Every structure is written in C-alpha cells, then in structure tokens.
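Since the structure comes first, as structure tokens, the remarks are kept for the end.
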Amino acid sequence: MDFDEYRKYDATGLARLVADKQVSAAELLQTARDRAAEVNPKLNAIVRDVPAAPSDDLTGPFAGVPFLIKDLGQDYAGLPTSNGSRSLARHPVAEHSTVVRRWLDAGLVIFGKTNLPEFGAKAISESVAWGPARNPWDLDRTPGGSSGGSAAAVAAGIVPCAGANDGGGSTRIPAACCGLVGLKPGRGLTPSGPEAAEPMHGAAVQGVVSRTVRDTAAMFDVISGGEPSGPYSVAVPERSFLSCVGQDPGRLRIGVRVPSAINPHPDPEAVKAVETAVRVLTDLGHHVEELPRAPFDDAALAKDFLLTWFVNLAWKVADAKRLTGAPDVAFERDTLLMAALGRATSSVDYVDAVQRRHEHTRRLSVFFESYDLLLTPTLATPPPRVGQFELPESLRRATDVLLRTRTARFLRHTKIVDDMIRDNLGWVPYTQLANLTGRPAISLPLHWTAAGLPLGVQFVAPLAGESLLIKLAAQLEEALPWVDRFPVMS
C-alpha cells in the first residue's frame with residue numbers, strides 16, 4: 001500500500017482492510033515505517049524503535065494497525081520508559097503497562113515510542129534527552145506537550161492514532177496544536193497500572209490522539225475499565241463509546257468562557273476558534289451562552305495545580321535516582337528547579353492544595369446544574385515556536401548557582417511561581433480544570449488560523465460525560481469536517 005492510499009484511512013478503516021484481507025499487517029507496518037523514515041528526521045516525533053513483526057493471525061478490533069506509544073506511563077516490557085529523561089533512558093522495565101497490554105490484545109502493532117518533555121512536565125515537547133519535537137503544520141513550531149511526539153506522528157500520517165496521556169492537558173494541548181481529536185477521560189476510567197495506581201492523585205489518565213472521532217471512541221472501548229491492581233472498580237457505560245458516534249446528542253446547553261485570570265486577553269485566533277464553534281453549534285440547534293465570569297476560581301486552580309505538580313516532580317526525580325543512581329546532571333535545569341520548589345513545600349501546604357480540588361469540583365458541579373457542557377479555547381495562542389520558552393542566559397546562570405548551592409528552595413518566597421504560571425500556563429490556561437476535578441474533556445480541531453495552523457476548542461463535561469462528548473464531537477465532525485486536512489511538509 002502506498003502512502004497516499006494509506007493516509008485516506010483512519011485506524012478503524014485500516015483494520016477493516018486487514019480483516020477483509022485487502023492488505024496485510026506487514027504491508028501496513030512497512031508503509032508506516034517508510035513514512036516515518038521520510039518525515040521523522042524533520043519531526044523528531046519517534047524516539048525509540050519497538051521491535052515488531054506482525055503475523056497474519058492477529059485478532060482484535062484493531063488487528064494489524066500500526067501504532068505508537070508515548071515514552072511515559074506506557075511501559076513496553078524489556079525496553080526503557082525514559083519519561084523524556086536521560087536518567088531513565090537506559091533503564092528497561094519488566095512488564096507491559098495495562099494500557100499497552102490492552103492495545104496489544106486489540107491487535108495493534110506497536111513499533112515505536114514517541115517524544116515528550118522531561119517527565120511530561122511542560123506543554124511543549126523539548127527535552128535534552130531527545131531534542132525538540134516539531135509540528136508538521138509548521139516545523140518551526142511546537143506540536144505541544146506532553147504527548148507532542150504522538151500528535152506530530154499522527155498529524156504527519158505516520159499512524160492514524162497514537163498513545164497519549166493527560167495530567168494537565170497533555171492529550172488535548174497537542175491535539176489542538178496538530179489538528180487532531182484529543183479526549184481526556186474522567187478520573188479512573190482508564191488504567192495506570194500495574195506499576196502505578198493513580199498518578200497525580202488520579203489527575204493523570206491514559207488516552208490517545210487521533211484523526212477521527214470514531215477512532216477515539218473505539219480506542220476507549222479497548223482501554224477503558226479497571227484492573228486487579230487498581231484502586232477501585234470503575235463504571236463503564238453499558239453501551240460502547242463507538243455506538244455513540246452518529247447518535248443525536250440532543251439540544252445541549254453550553255456555557256462559553258474565553259478570557260481567563262491567567263490570560264485575560266487571548267490571541268484573536270483563539271477567540272475566532274470559539275466563535276467558529278459557537279456558530280456551528282448554534283446552527284445545529286444547541287443553546288450557547290457566553291458566561292460573564294468563569295465558573296471556578298481559575299487563578300487559584302492554577303496555583304494549586306503547579307504546587308502539586310512541583311511536589312510530584314520532586315518525587316519523580318527522587319524515584320529516578322533510587323532506580324538508577326542518576327546524579328543531578330542527568331536531569332534538566334528546569335526539572336531540578338521545579339523539584340527544589342516541590343521539596344520546599346510543606347506537607348500541610350501540599351495537602352491543602354490537594355484538598356482544595358474539591359472546592360474547584362463543587363463550583364464546577366454547580367455550573368453543570370444549569371449547563372450540559374463548558375466550551376473554552378484549548379489554547380490561548382497559536383502553537384508557540386520551538387525554543388520560545390528557553391530561559392535567558394542570565395537566568396540560566398543564576399539558576400545554576402541556586403541549584404549548585406542548594407538554595408533554590410528560597411525561590412518559593414519570591415514571585416517565581418507567579419512567573420511560571422504566566423510563562424508556562426499563559427498559553428494553555430484552560431486544560432488543568434478537567435484534570436484537577438476529574439471531569440472528562442475533549443479538544444476538537446474546528447479552526448485553522450490565517451497562517452494555516454490548527455487551533456482546537458475544548459468541551460468539558462460533567463462526571464461520566466464521555467459518551468456525550470463523543471456524540472457532540474461526531475456531530476461537529478460531520479458539520480465541519482477536518483479529517484481530509486493534511487499538513488504539507490517541506
């Protein structure tokens with residue numbers, strides 16, 4: 001199968017071709033590998049090869065379809081899971097993650113692992129270990145993070161769907177940057193074991209980025225549900241997510257909020273993205289209403305998110321050191337800085353931040369008493385340029401001194417956290433809400449900028465709202481198709 005033919009199909013379509021014996025799994029894998037060989041030197045999306053030799057007796061709903069997994073939280077037995085860090089890049093894991101085992105049982109042919117920032121800590125995929133991933137719509141720009149390599153590979157046509165996960169927007173942000181569908185499920189719906197139970201107290205969840213809504217739905221049918229080592233048994237809908245594609249979502253009440261406390265004046269293209277969504281939603285008969293204020297305290301939520309993330313990162317660094325004996329030089333400057341801030345956080349302050357998640361959740365639940373969904377931009381700006389968030393040289397030198405003298409903890413008494421919120425969350429202020437409250441959310445590619453860059457919009461749903469999000473997403477996909485839009489890589 002040549003690439004032009006391969007690119008016409010999503011994962012569901014390719015699986016049907018294999019089932020009908022119109023093409024073999026080996027042919028599909030060769031096409032995917034050929035495309036990777038052509039474009040990955042430009043994208044740096046795939047950072048590790050996974051041995052794959054598909055047979056003709058694969059079974060499952062995606063039998064024979066080429067697939068990529070993220071090099072974080074998606075362990076493949078016998079290979080390292082680097083987490084984007086030099087400290088773990090040569091440390092093999094003993095067993096498959098549950099989500100990886102489910103993908104293999106579904107017949108997917110996993111042949112590579114994808115790029116990300118160190119420990120998934122940023123919304124851009126630029127690590128020292130692997131170098132920056134690039135956006136196929138504009139190679140000078142980021143594909144987002146932390147599932148940036150997966151999104152770049154799907155957008156470039158290497159695979160129609162790839163593994164992702166999301167602890168603060170890491171599926172939805174790359175989907176928005178690369179013109180893809182990115183669904184973050186509610187807390188606990190997808191497994192994180194057997195190595196982990198609930199990363200970031202359940203805020204981080206497994207998923208995919210894909211080109212079509214039906215692929216996303218079918219993938220969640222494959223990976224959803226608890227596991228023996230999990231913290232609890234989760235409720236999975238009686239009807240499949242795939243069966244929701246094509247179902248009428250009904251007339252929905254949708255509240256819209258564009259400004260945020262972190263970025264009161266988003267880029268005009270982000271505003272246009274929401275305006276496009278509002279126009280189509282209104283034409284479809286939904287009731288769409290602009291909100292005079294955010295239905296939660298977004299400034300407080302951002303601080304709570306970063307505080308808990310800093311502590312989580314401090315643990316990740318300590319755990320990597322325990323596993324491998326890695327010294328500080330095996331970690332990036334920004335990682336060590338955030339970890340130092342995490343170690344300087346008192347246990348009481350940390351628990352306070354975790355407990356305040358319930359306050360954000362209660363406020364959001366009050367909003368859902370009057371509305372079915374919350375609509376926001378996914379990004380406040382178009383995808384930033386690669387290298388845009390690098391520290392200035394003077395600040396790098398000052399930070400190195402603080403780290404070397406073990407005094408970085410004193411930065412918690414300065415405005416550095418406020419600066420980090422502004423600099424790192426200013427272009428992505430909308431996505432952390434769904435993670436901290438455990439609610440499902442989806443990013444859909446409904447807008448392209450004047451410069452030809454994709455820019456997604458986000459819908460947040462109440463508990464168990466995945467099926468509703470899929471129904472609406474499929475309706476919007478039909479009303480404003482995006483599946484045939486492909487980047488032209490020079």
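On full extension, the segment bounded by Val348 and Arg485 gains 44.4 nm, given 0.36 nm per residue less the C-alpha separation.
Shown for the chain are the DSSP H helices of 18 Å or more along their axis, judged by Cα atoms, with a mean Kyte-Doolittle hydropathy of at least -0.5: 25-43, 268-283, 298-324, 466-479. Close amide H pairs (under 5 Å, H built 1.01 Å from N) link Thr114 with Val47, Ile69, Lys70, Asp71, residues at least 5 positions away or on another chain. Between segment 233-306 and segment 1-50, the C-alpha centres lie 33 angstrom from each other.
Using a 7 Å offset from Cα along Cα-Cβ at Val236, what residues in segment 56-95 end up with backbone N under 13 Å from the label point? Residues 61 qualify, since their backbone N sits under 13 Å from the label point.
Rounded to the nearest 20 debye, the dipole size of segment 354-490 about its Cα centre is 800 debye, using +1 on the Cβ of Lys and Arg and -1 on the Cβ of Asp and Glu. Taking 29 Å as the straight-line reach from the Cα of Lys21, the lysines in range (excluding those fewer than 8 positions away in the same chain) are Lys8, Lys113. Cross-link partners for Lys471 among the lysines, with Cα-Cα distance under 21 Å and sequence neighbours closer than 8 places in the same chain left out: Lys184. The ranking of Tyr232, Tyr6, Tyr430, Tyr350 from fewest to most other beta carbons within 10 Å of each one's beta carbon is Tyr232, Tyr350, Tyr6, Tyr430. The fewest-to-most ranking of Ser347, Ser365 by surrounding Cβ atoms within 10 Å reads Ser347, Ser365. Note on segment 294-338: along the principal axes its Cα atoms extend 45, 18, 9 Å, ordered by decreasing extent.
Sites listed here are trypsin sites (Lys or Arg not before Pro) in segment 148-242 whose DSSP assignment is loop and whose Cβ has at most 14 other Cβ atoms within 10 Å: Arg239. Only the Cβ atoms of Lys and Arg (+1) and of Asp and Glu (-1) were treated as charged; on that basis the dipole of segment 43-96 about its Cα centre amounts to roughly 360 debye. Here the chain is treated with +1 on each Lys and Arg Cβ and -1 on each Asp and Glu Cβ, and its dipole about the Cα centre works out to around 1120 debye.
Quick one: go through segment 263-294 and flag any residue whose amide nitrogen is under 13 Å from the point 7 Å out along the Cα-to-Cβ line of Ser370. Label zone hits: 289-294. Each of Ser55, Ser210 was scored by other Cβ atoms within 10 Å of its Cβ. Arranged with the fewest first, they read Ser55, Ser210.
From the coordinates of this entry, volume of the Cα convex hull per residue in Å³ is computed, and it appears in (i) 147; (ii) 136; (iii) 160 under the label (ii). Expressed as a whole percent, the proportion of Cα-Cα pairs in segment 312-365 lying more than 15 Å apart is 58%. The slack between Thr407 and Glu275, meaning 0.36 nm per residue of separation minus the straight C-alpha distance, is 42.8 nm.
Each reported figure results from applying straightforward, stated rules to the coordinates on display, with no laboratory input. What you see is a predicted model; the values in this text were computed from it and never measured. Here the Cβ is made from the backbone with ideal geometry for all residues, glycine too, and neighbour counts use every protein chain on show.
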